[in-house]
Amino acid sequence: MNAPRARIIGTGSYLPEKRMTNEELAKIVDTTSEWISSRTGILERHIAAEEEMTSDLATHAGRRALEAAGCAPEDLDLIICATSTPDLVFPATAAIVQHKIGAHNAKAPAFDIQAVCTGFIYALSIADQFVRSGMSKKVLVVGAETFTRILDWEDRTTCILFGDGAGAVVLDAVEEGGSRGILSTHMHADGSHVELLHVTGGISKGRPRGFDVRHEALGFVDMQGNEVFKQAVKAMGAVAEEALAANGMTVDNVDWLIPHQANKRILQATAKRIGIPEERVIVTVDHHGNTSAASVPLALDEAVRDGRIQPNQIVLLDAFGGGFTWASALLRW
Ligand code: ACO
């Protein structure tokens, strides 16, 4: 019997209602709207309401993906959530999503993946392996973040970049022979650069020295932006080329590049490095900022719903994030 392949049969996304424009941000931190838009291409970001948690964002996006897929929550046999901002230390946000989404009868396994901005492609890759091995048939993969909860709103070098949101896909097993679906995934990590991009505290490390204990977060995002920029472009370029080489393709075969929506300059530099014209790059960062693990599925959902992505087109997903981690996925839509 042929091994099955995983195909995305529905996408969904969700952005919290509250928006914060650059102008509003400039009232609370020493920056200007012009500086933010010219250096990052970001015009606004969304902020989760006080009572809204990552699982709520994930549930909204997951429901929309299930609806688009015509799939009932009970049909799911695996739920994976990529997040660096889980509701709780445990249980996994994916388990909370299973309950909120109403996948009660499925008793499907549910777990989280933590690879920061690369998290969604890591999760997609794992889901793909479960489907290929025959372990799972219908999988919900979500990337969801409340990243604004781990920002230092006095640090203008980081707080201007990030926002909250969620994106999701439903995968289905298709028998090989059909050419549509996930063609390959490639994942990498290098943990030697933690200092360049990390959160300053954590469960095991505790709060950083001098940290105001009234903050609910255990630490804040700390980043050396210039260096991260260079590493991101290099790694996203390399892992895109790896995907194309593995499938005997060139950049000319790619209809759409969907890179991690970190900021417009990183996207432009990555596209240039790969050699793909900007009109074939999906860019949504302007209206939601960097939403970490949610960014790739948010951009994917937007391009599917507005009709840019069409059946049988080749779509290349590409991401880089803390760890460092980086990954790509090549799909025939
Ligand atoms: N408003 C006004 N001025 C600012 C701001 C701000 N928000 N932030 C920094 N500056 C100032 C700096 O203080 C500096 O001033 P100085 O020259 O007087 O010292 C000047 O602007 C230039 O600072 P740089 O850090 O060199 O600015 P750069 O052009 O590199 O832009 C940025 C900074 C936007 C963070 C850029 O480095 C970047 O995009 N890095 C990528 C990081 C990223 O996107 N990380 C996301 C997580 S990883 C990922 O998702 C891939």
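P(r) for the chain, please, calculated from all Cα pair distances in 20 Å bins and given in %.
34, 59, 7, 0
Helix 295-305 versus the longest principal axis of the chain: what is the Cα-based angle in degrees, 0 to 90, to the nearest 10?
Value to nearest ten degrees: 50.
What is the sum of charges, Lys and Arg at +1 and Asp and Glu at -1, for the other residues whose Cβ falls under 10 Å from the Cβ of S38?
Summing Lys/Arg as +1 and Asp/Glu as -1 gives +2.
Which of these, G201, G307, G134, has the largest mean-square fluctuation under a Gaussian network model of the chain (Cα springs below 10 Å)?
G307
Is the stretch 96-219 best put as rounded, prolate or oblate by its Cα gyration tensor, with a ≥ b ≥ c the root eigenvalues, rounded for a/c under 1.5, and otherwise prolate when a/b is larger than b/c, oblate when not?
Here the stretch 96-219 falls in the prolate category.
With a ≥ b ≥ c taken as the square roots of the eigenvalues of the C-alpha gyration tensor of the stretch 4-179, please select rounded if a/c is under 1.5 and otherwise prolate if a/b is larger than b/c or oblate if it is not?
Prolate shape, in that a/c is at least 1.5 and a/b is the bigger ratio.
Helix-derived [θ] at 222 nm for the chain: sum -39500 (n - 2.57) over DSSP H runs of at least 4, divide by residue count, nearest 500?
-9000 deg cm²/dmol
Testing the spin-label approximation: label points 7 Å from Cα along Cα→Cβ at H99 and N226. State their distance in nm.
In this crude label model, H99 to N226 measures out at 4.8 nm.
On a 32 Å Cα-Cα criterion, which of the cross-link pairs K100/K234; K18/K264; K18/K272; K27/K230 come out too long?
Violating the 32 Å Cα-Cα cut-off are K100/K234; K18/K272.
Taking Cα atoms, how many degrees apart are the long axis of helix 225-246 and the longest axis of the chain, rounded to 10 and kept between 0 and 90?
Value to nearest ten degrees: 10.
What is the packing order of peptides 236-247, 185-196, taking the mean over residues of other C-beta atoms within 10 Å and listing the highest first?
Going from most to least packed, we get 236-247, 185-196.
Just for the chain, what percent of DSSP beta bridges are antiparallel, to the closest 5?
75
Using a 10 Å cut-off on Cβ atoms, rank the peptides 222-235, 15-28 from the highest mean neighbour count down.
Taking the mean over residues of other Cβ atoms within 10 Å, the ranking is 222-235, 15-28.
Checking the a/c ratio against 1.5 first, then a/b against b/c, what shape does the Cα gyration tensor give for the stretch 182-332?
prolate
Give the lysines whose C-alpha is closer than 23 Å to that of K107, dropping any in the same chain fewer than 8 places away, or say none.
Leaving aside lysines fewer than 8 places away in the same chain, those within reach of K107 are K137, K138.
Values quoted throughout were computed directly from the atomic coordinates according to the rules given, and no laboratory measurement underlies them. Keep in mind the model is a prediction, meaning the values are calculated, not measured. Counting neighbours? That spans all protein chains shown, and the Cβs are built from the backbone with ideal geometry, glycine included.
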